[in-house]
1. Output wanted: per-residue J couplings in Hz (rounded whole) for region B:33-39, from phi through Karplus 6.51 cos²θ - 1.76 cosθ + 1.60, θ = phi - 60°, x for Gly and Pro.
2. For B:E90, B:E34, B:E165, B:E213, what's the largest-to-smallest order of accessible area, 1.4 Å probe?
3. Could you give the distance between the Cα centres of region A:74-112 and region A:7-71, to the whole Å?
4. Between B:T281 and B:A39, what is the spin-label point distance in nm, taking each point 7 Å from the Cα along the Cα→C-beta axis?
5. Which entries in the list B:K28/B:K135; B:K28/B:K228; B:K102/B:K228; B:K35/B:K102; B:K102/B:K185; B:K35/B:K154 go over 28 Å, if you measure between the two C-alpha atoms of each?
6. Before anything else, pin down the relative contact order of region B:176-297: Cα pairs under 8 Å, at least 6 apart, normalised by residue count, whole percent.
7. Using Cα positions and a limit of under 19 Å, work out the aspartates and glutamates in reach of B:K54, with same-chain residues fewer than 8 apart set aside.
8. Any idea what the relative contact order of chain A is, in percent, if you count C-alpha pairs under 8 Å spaced at least 6 apart?
Amino acid sequence: MLIVLSLLLYHFQPFGDFWTDKVLDGLILFAAVAAAGLATKFRSQFHSDEPPHRVWSMFALGLWFWVAGEVSGIIYDLIYWYAEYPDLMITDLCWLVGYAFIGLALYYQYRLIFGRNNKRGTRYYLALFLLALTAAALLANAAIQTEIGFGYGWFMLFITFLYPVFDVMNGLGALYLAYLFGRGHWIRPWWGLILFALSDSINVFYWLGGYNYLPEVLQPPLDLLDLFFYSASYLVMAIAFLSLFYMSQYGASGLSNRPGPSGNNHP
Amino acid sequence: MWRFFATANHFPESTSFHEVEARFRTQKSSGVIEKIDNAGLHSIQLISSGALLKTYDLPGQPSSSAPALTRTHAVILEDTAARLTWLALESHSAEKNSIPDKTHWDALLVHLRARRWNGLLEIQHEDSHGLLLFKLGSLQSDEIVFQTSAGFSKDPIIQAQFPIEATLLELGHDSQAYQCLMLRKGITAWADHLLVRCQEMIGRRMLHTIERELNHAIEPWNWNIALKDDALHDEHFFGNTQEAAQAYREVFMGIGNQLNFFIGSNITQRILNESFELLPTEERNALGAQRLIPAAFTL
């Protein structure tokens, strides 16, 4: 319902540009707070000495940074709606730190599956993080040389490229995790990351001028798709955490009508 | 005179053999019924859940001391005690030792450890009887039965009992009793490794919820098997390997289905394989012979 409401508001703009945007921001903020809150609740299921505690603590922390990013975005919108936005905003910092924490959660999840006995700690993650920074720096240099980022400073371009780089890394990580977990319910919170990556890929396409090559009639559906992926990503996470929380309390069969675990005949 | 748990007195002397059998049957109890007939022949019936599992004739009974009437001694046994009794009946005596005091007892334990001895140690005293399983020289704390006039216990209360006769029984590897032991050891060890790994993946609370669901699912079978505290506790006395394998298959199907539901079939397969590989070869072979292998428990 929340998604449908967002899409209708976006399409029909019933309150004019500004207020429709604020209402949409409010709806997305609600979804983001729900995801972060439920992630925190789910995390409380684990004692601090349990390995999944680290995974979901990082995930919840990342989501709270994204909530902070949403809130600061709303505030910036209120202040700068009719003015030029500053180059570096608190919103960007919140988003990027959020990405770093969620990437760490992803890394810990992989370690739980594959690296049970290795003691290399988070060194590999730091290496991956540096790799992402290097990739964004190289892309910023390339953008300046090819004049794609004409009129923007190097740092602004670097920050801008960090988003797709983090998206690709987290999105691919989550995709492979989805393959590993298959139809298991443990993957569901990670589906949100894949949806984020899809949403951001539309943004990047727009930012790189891809809309110029599209017929005008296709642009609004693409915007709607972007909004759909974006709001759905938070909601998918929220619902996934809620269902996992209840499963940990009442078990799998307490939540569904599927047959008992074995499905075999009893005596 | 009686071979097993001579001072246990579950049935009055006046109870007839058929009455004893009927009582076992109606109560679905496990245990032993020993009988010395008027020809002096001593036989032992091993009963599993009310049904006769096997009759053993003990050799070398002097007919001159035969009682005028058939005499019966019957003992109802907990599943662990019944399992160890079955193992004892399927084993052969290898070595008898008279143990006068605790120093000699400790020396025997050291000797068995040094030999990495596998087998059953039978302890006899005039008013007590015990069976203790050893694996690679170590006493298996969950495979002990000790009976005194005070009743049955799982603690070998040796100090007060000296002097004792300690008989080393070599296990018959081809017997169903031994095969059931290997299956049980294999499946419990596999489940223990697996559940520890699951706990790492999904946490303690979720695992306990899964354990609760599985215990509920296998309850109708009335097996003395339960998942608790990240381990599989199997106390059941299975009379043959097929019955045991059926039970273990059901339990592992349940575990497999629950894990598939939470972490998906790829990772379930992976941790089933990982934990199976940790088992000793003999136990892995025993499970493999009954098709209790990782591939059987994932979708």
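1. 10, 9, 9, 10, 7, 6, 8
2. Solvent-accessible surface, decreasing: B:E165, B:E90, B:E213, B:E34.
3. If you average the Cα positions of each part, the centres end up 12 Å apart.
4. About 4.7 nm, to one decimal.
5. The answer is B:K28/B:K135; B:K102/B:K228; B:K35/B:K102; B:K102/B:K185.
6. Details: 117 pairs, mean separation 45.1, N = 122.
Normalised by residue count, the contact order of region B:176-297 is 37 percent.
7. The qualifying aspartates and glutamates are B:E19, B:E21, B:E34, B:D37, B:E78, B:D79, B:E90, B:D174, B:E243.
8. That works out to 22 percent.
The values are calculated or read from the model by the stated rules, or taken from the named source; none is laboratory data. Note that this is a predicted model, so its numbers are computed, not measured. Cβ: placed from backbone, ideal geometry, glycine included. Neighbour counts: every protein chain shown. The area values use the complete protein model at the heavy-atom level, side chains included, leaving out ligands, DNA and RNA. Shrake-Rupley method; radii C 1.70, N 1.55, O 1.52, S 1.80 Å.
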